[in-house]
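Working notes, beginning with the structure itself.
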Protein chains: 2
Amino acid sequence: MLALAGYPLGLRFLFVDPNDDSPAGEIAPLLATDYSAPEALDALARCDVVTYEFENVPVEAVRALEARVTVYPSVRALGVSQDRLLEKQCFRELGIPTAPFFDVGSLAELEAAVEATGFPAVLKTRRLGYDGKGQRVLKSSADVGPAFDELGGVPLLLEGFIAFERELSLLALRSATGETAFYPLAENHHEGGILRLSLSPAPNVDAELDATARRYGRALLDELGYVGVLALELFEARGVLYANELAPRVHNSGHHSIEGSRTSQFENHLRAVLGLPLGSTEPIGYSAMLNCIGSMPDEKTVLAMPDAHLHDYGKVPRAGRKLGHVTLRAPDRRTLAERLAALRPKIWDIG
Amino acid sequence: MLALAGYPLGLRFLFVDPNDDSPAGEIAPLLATDYSAPEALDALARCDVVTYEFENVPVEAVRALEARVTVYPSVRALGVSQDRLLEKQCFRELGIPTAPFFDVGSLAELEAAVEATGFPAVLKTRRLGYDGKGQRVLKSSADVGPAFDELGGVPLLLEGFIAFERELSLLALRSATGETAFYPLAENHHEGGILRLSLSPAPNVDAELDATARRYGRALLDELGYVGVLALELFEARGVLYANELAPRVHNSGHHSIEGSRTSQFENHLRAVLGLPLGSTEPIGYSAMLNCIGSMPDEKTVLAMPDAHLHDYGKVPRAGRKLGHVTLRAPDRRTLAERLAALRPKIWDIG
């Protein structure tokens, strides 16, 4: 999607992906090798600018590249996003509310942390978690030992549970020139830890909530010396926003922006890392983005829906894999709700 | 632009172009060989469906392919569009007004035709003309002999002159399933025979004018057994629409549809030739498409304009060559006019 957004700007791409069946290879040159492989670093160093859209690329590879070529977002942003403890500490230092959290290096530390949070609480690995992986919910003291045994051996974090009403996400962006912009908040719905549905602009967002989210986004852009699109996942509970995590990249909850915004997050990420003026983030009507997980819906059924837009990533189907998405657009919320009600069963009954 | 519209639908492409620097080669497999070369025909015959976006591909090559693979639009549409006499006769048979026209095979026939049309009149080659090439305006009897000498030796056509107020174009489309749709009329402005600016939806189009244009478009779709996007160029003179020519392909006056329509002409052409449901042709606000001819404008200047969208085709610059376009979008005509006034000098002063 980055390449598709960049071609009209006259850009050319080189992708590096350890998987040799990466869909990027169908539409752009692909070097199918490890991110840290010398030939990958050499090839990337010959580009004008390097970026990434996966938060688990090795910090060392990005640091090595930064010495040779312009790389955005910064290695600091990448490092913070890869470590849930650093991430939560960063939020705390910036005055952004979070769930209570505790560094857990031993069963004794976990037991002490649970004393503080009470149940339920969530035990998470500090590193390499996404889409709900590397997490255990602790409902009672009986869960503590087994969860530590399952996840232990690596640094952990215990988080208190927030009885949140919904998840929102903010896409903040800054160009290398310093210009900043924010997309309207999106409301996200997960199932089994995987994003299923995103509504943008999120309903029931008043000016204060919006301003608070933007203030948090701006604080993070500043703190991290950030260039590009930054996604901030937030929980809303009784009018308070709690930061859950950040992603230093274009984000699934911003995929609606291809049709649902004046400028897509992909084009704006490219504009940002190239130091070009940012495009308008104003919405075009109301959008719903539905992920296609495990299998793709019938193409004709989707395309027959008014203002439905299919995005088939060309990936090999596999259970739980995001294979594509559909964006529905409508002139008002009511029409969007009607179209969504009609489309949902066509996409998810077969998933 | 077809490939960029098709990738999200999960499509893969093979392009054939005699020029080995075709920009399509940057983003898709390109066979740089003659349209009629056996290896080109063999490779195309292995595709699921074949289409073209250049009206001067050889009819023989398309006919040979039709025997081996699904090809849209039909060879009949291609043949008619390549011959200005057949084209005008087709319009006449369908009751679509045209300028008076006469088949010209000799100087004597030309002189007789000029008697009927009077001056000014336009002498055109029957075949291989586009962007104003292969045409001579006859202003007086002194121009007749020299124009015949310059263009003669090939079959010609003399057309009476219509003092038209403006040029409009209609994009009509039909899916292989029979479903039809029409984009709103666009208003086109040329300079030196080359399209410079297209406004969509065209201003000052009443329901009757619109219905008349659609009736003509539908008659052509039916007559030509058409599948895909068909562009019909029309002159408006005192409320009457005269057909000028048709193009059996996606059309420059429809480029605005990438941002300015619910579904772009490129995606809809692909949906049509694949027998998929057509997407909405409803406009998104008001759009102006400006061609970049001979040179590209400064990228930062364009991208700093609100809701301006740059399309750099990645072509080698050459005088008179269409290198890209910019689409401006606005919520109302007045804002569009203001933005257009600001952008025009940035694009065309340097052209």
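The values are calculated or read from the model by the stated rules, or taken from the named source; none is laboratory data. All of these numbers come straight from a predicted model, not from anything done at the bench. Cβ sites come from the backbone with ideal geometry, for glycine too, and all protein chains shown count toward neighbours. In case anyone asks, the SASA skips ligands and DNA or RNA and just uses the protein heavy atoms, side chains included. Shrake-Rupley method; radii C 1.70, N 1.55, O 1.52, S 1.80 Å.
Against the condition within 18 Å of residue A:256 (Cα to Cα), open to solvent by 40 Å² or more (accessible area, probe 1.4 Å), in a helix (DSSP H, G or I) and within 13 Å of chain B (Cβ to nearest Cβ), how does residue A:344 come out, does it pass? Steps first, please.
On the way: within 18 Å of residue A:256 (Cα to Cα): yes; open to solvent by 40 Å² or more (accessible area, probe 1.4 Å): yes; in a helix (DSSP H, G or I): yes; within 13 Å of chain B (Cβ to nearest Cβ): no.
It is false that residue A:344 is within 18 Å of residue A:256 (Cα to Cα), open to solvent by 40 Å² or more (accessible area, probe 1.4 Å), in a helix (DSSP H, G or I) and within 13 Å of chain B (Cβ to nearest Cβ).
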*Candidates A:174, A:166, A:126, A:136, filtered to the one that is in contact (Cβ under 8 Å) with a residue 24 or more places away in the chain and either over 30 Å from residue A:281 (Cα atoms) or of a type in the set (Asp, Glu) (or both)*: A:126
_Hits in segment B:268-300 (condition: of a type in the set (Val, Ile, Thr) and facing chain A (nearest Cβ under 9 Å))_ = B:284
*May I ask you to list the residues in segment B:253-280 that are surrounded by fewer than 23 Cβ atoms within 10 Å (Cβ to Cβ) and in contact with a Leu (Cβ under 7 Å, 6 or more places away or on another chain)?*
B:266, B:276, B:277, B:278
*List every residue pair whose Cβ atoms sit under 7 Å apart, with the two residues 6 or more apart in sequence or on different chains, where the first one lies in segment A:319-334 and is under 27 Å from residue A:282 (Cα atoms) and the second, anywhere, is among the acidic types (Asp, Glu) and at pLDDT 95 or above.*
A:324/A:312; A:327/A:259; A:328/A:307; A:329/A:259; A:329/A:307; A:330/A:307
*Within segment A:301-317, can you find the residues that are within 18 Å of residue A:288 (Cβ to Cβ) and facing chain B (nearest Cβ under 7 Å)?*
A:303, A:304, A:306, A:307, A:310, A:311, A:312
*Residues satisfying the stated conditions in segment B:281-303, i.e. open to solvent by 40 Å² or more (accessible area, probe 1.4 Å) and either in a strand (DSSP E or B) or farther than 23 Å from residue B:334 by Cβ (or both)*: B:283, B:286, B:296, B:298, B:299, B:300
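Can you tell me which residues in segment B:37-89 are of a type in the set (Val, Ile, Thr) and open to solvent by less than 30 Å² (accessible area, probe 1.4 Å)? Walk me through it before giving the result.
As a first pass, look at segment B:37-89 and keep what is of a type in the set (Val, Ile, Thr): B:49-51, B:57, B:59, B:62, B:69-71, B:75, B:80.
Across segment B:37-89, the qualifying residues are B:50, B:57, B:59, B:62, B:69, B:71, B:75, B:80.
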_Considering residues of segment B:161-196 that are among the small types (Gly, Ala, Ser) and modelled with pLDDT of 95 or more only, the residue nearest to residue B:98 (Cα to Cα)_ = B:169
*Confirm whether residue A:235 is of a type in the set (Phe, Trp, Tyr), in contact (Cβ under 8 Å) with a residue 12 or more places away in the chain and within 12 Å of another protein chain (Cβ to nearest Cβ).*
no
*Which one is nearest to residue A:294 (Cα to Cα), of the residues in segment A:318-329 that are within 12 Å of chain B (Cβ to nearest Cβ) and over 19 Å from the mean Cα position of the chain (by Cα)?*
A:328
_Conditions (1) more than 19 Å from residue A:258 (Cα to Cα); (2) assigned to a loop (DSSP other than H, G, I, E, B); (3) at pLDDT 95 or above; number of the one not met by residue A:316_ = (3)
*Which of the residues belonging to segment B:139-153 are of a type outside the set (A, V, I, L, M, F, W, C), touching a residue at least 24 places away in the same chain (Cβ under 8 Å) and under 16 Å from residue B:103 (Cβ atoms)?*
B:152
*Conditions (1) basic (Lys, Arg); (2) over 18 Å from the mean Cα position of the chain (by Cα); (3) more than 9 Å from every other protein chain (Cβ to nearest Cβ); number of the one not met by residue A:214*: (2)
*If residue A:36 satisfies every condition in (1) among the hydroxyl-bearing types (Ser, Thr, Tyr); (2) within 22 Å of the chain's Cα centre (by Cα); (3) over 21 Å from residue A:265 (Cβ atoms) but one, which is the exception?*
(2)
